[in-house]
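The structure under discussion appears below in the form of structure tokens.
The values are calculated or read from the model by the stated rules, or taken from the named source; none is laboratory data. Just so you know, these numbers come straight off a predicted model, no measurement behind them. Ideal geometry is used to build each Cβ from the backbone, glycine not excepted, and the neighbour counts take in all protein chains shown.
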Amino acid sequence: MANIHILGEGAIGLLLAQHLSQSHQITLITRNKRAATYLYQTASIQQTIPCSTKTLAELPASSIDTLIIPVKAYQVIEALRALRPALSKNGTLILSHNGMVDWSGELAALEKTQSAYFLSTSIAGYKVADSVHHTGQGATWFGPLNSPAEHHYLRVFSQLFSTFENAKTTFDIMPTLWKKLAVNIAINPLSALEQVANGQLRQPKYAAQILNLMNEVQLVAASAGVTLALGELVTLAYTVMAQTANNRSSMNQDLANNRRTEIDAMCGYICELAAKQNIDVPFNQQLLEEVNKRWQLARQ
Ligand code: KPL
């Protein structure tokens, strides 16, 4: 049994907590000290998630053995900076977020004995107060991000995620992150702007836009040295739409609740790389602008 700390009380963090609590001790790291009971719900199950909570201030230096950081893309760097001192000398760090974030500097600052991994998951859910509703599950991939992790990722996977539905390991996680980026670009902005569930995007009226978005991702990935097949990206996007058909994507929920979105780490990332390589990406550019405009309007 491992002692696992999970940062935050977001939907993905709580879904991971529920799964991992079946064999491990879970502590959620919360912003403020408060007594909460977290519930896990599906269409047929409602149960309490067995876990304790601690604030960052309550965590002694070098005290965390396994730390999972499943936060929004724009919170990752700040979270890594705040929590690195609390990770033990041989600690295991697991990042899990949507979009692309440049955490290379933070990972380089880890001790040579600390291993870092990525968990790329298309698990779907949403939160209402302290209840997390589990609404679908696409594929999950787990792989190493630094060299200590390359020696241990199979063991860590089998200890933590081997019983997670639809989960697999990969030694080379970067192409997986690109594929997940593509899936999120196909689903999140459109479902947010249209305020529809993921499955609704399978309607023919969205097909041309989705194909063009995937084409741009494929071109930009190729310019970054990552070879992806356009057909595979399109198939993946439609597979996740089907697997999470009744779910409202995280960006759909963010816009509906006037929260900041992860668009900069998705279409914004593609536009930034494309500009450096002189590649035209009008479809990603348009969604980037529209989502940001909608959020600005909502904030006024
Ligand atoms: O990652 C997701 C998200 O909503 O952010 C998917 C897999 C698209 C599920 O909705």
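Scanning the range 139-194 for residues that are small (Gly, Ala, Ser), more than 26 Å from Asn292 (Cβ to Cβ) and surrounded by 18 or more Cβ atoms within 10 Å (Cβ to Cβ) yields Ala139, Gly143, Ala149, Ala167.
Among the residues making up the range 245-300, a single one is β-branched (Val, Ile, Thr), outside any helix (DSSP H, G or I) and within 22 Å of Lys72 (Cβ to Cβ): Thr261. Considering the range 66-117, and only residues there that are of a type in the set (Asp, Glu) and within 23 Å of Lys180 (Cα to Cα), the residue that is nearest to the chain's Cα centre (by Cα) turns out to be Asp102. Every condition in (1) in contact with a Lys or Arg (Cβ under 9 Å, 6 or more places away or on another chain); (2) modelled with pLDDT under 95 is met by Asn98 except one, and the failing one is (2). Among the residues examined, Ala186 does not qualify as away from the ligand (no atom under 13 Å from the Cβ) and of a type outside the set (Ser, Thr, Tyr). Filtered by the rule that a residue be in a helix (DSSP H, G or I), buried (at least 20 other Cβ atoms within 10 Å of the Cβ) and within 16 Å of the ligand (Cβ to nearest atom), the range 69-117 gives Ala73, Val76.
To keep it simple, each residue is scored yes or no on (1) modelled with pLDDT of 95 or more; (2) of a type in the set (Ser, Thr, Tyr); (3) within 16 Å of the ligand (Cβ to nearest atom).
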{"site": "Lys205", "(1), (2), (3)": "yes, no, no"}
{"site": "Ala208", "(1), (2), (3)": "yes, no, no"}
{"site": "Leu211", "(1), (2), (3)": "yes, no, no"}
{"site": "Ala221", "(1), (2), (3)": "yes, no, no"}
{"site": "Leu230", "(1), (2), (3)": "yes, no, no"}
{"site": "Thr235", "(1), (2), (3)": "yes, yes, yes"}
{"site": "Thr239", "(1), (2), (3)": "yes, yes, yes"}
{"site": "Ala245", "(1), (2), (3)": "yes, no, yes"}
{"site": "Arg248", "(1), (2), (3)": "yes, no, yes"}
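Across the range 189-201, the number of residues qualifying as within 13 Å of the ligand (Cβ to nearest atom) and assigned to a helix (DSSP H, G or I) comes to 8. Inspection of the range 57-66 finds a residue satisfying the criterion of being in contact with a Ser or Thr (Cβ under 8 Å, 6 or more places away or on another chain), buried (at least 20 other Cβ atoms within 10 Å of the Cβ), modelled with pLDDT of 95 or more and in a strand (DSSP E or B). One residue stands out among those in the range 195-248 that are among the small types (Gly, Ala, Ser), over 14 Å from Lys179 (Cα atoms) and in contact (Cβ under 8 Å) with a residue 40 or more places away in the chain: the one that is surrounded by the fewest Cβ atoms within 10 Å (Cβ to Cβ), which is Ala242.
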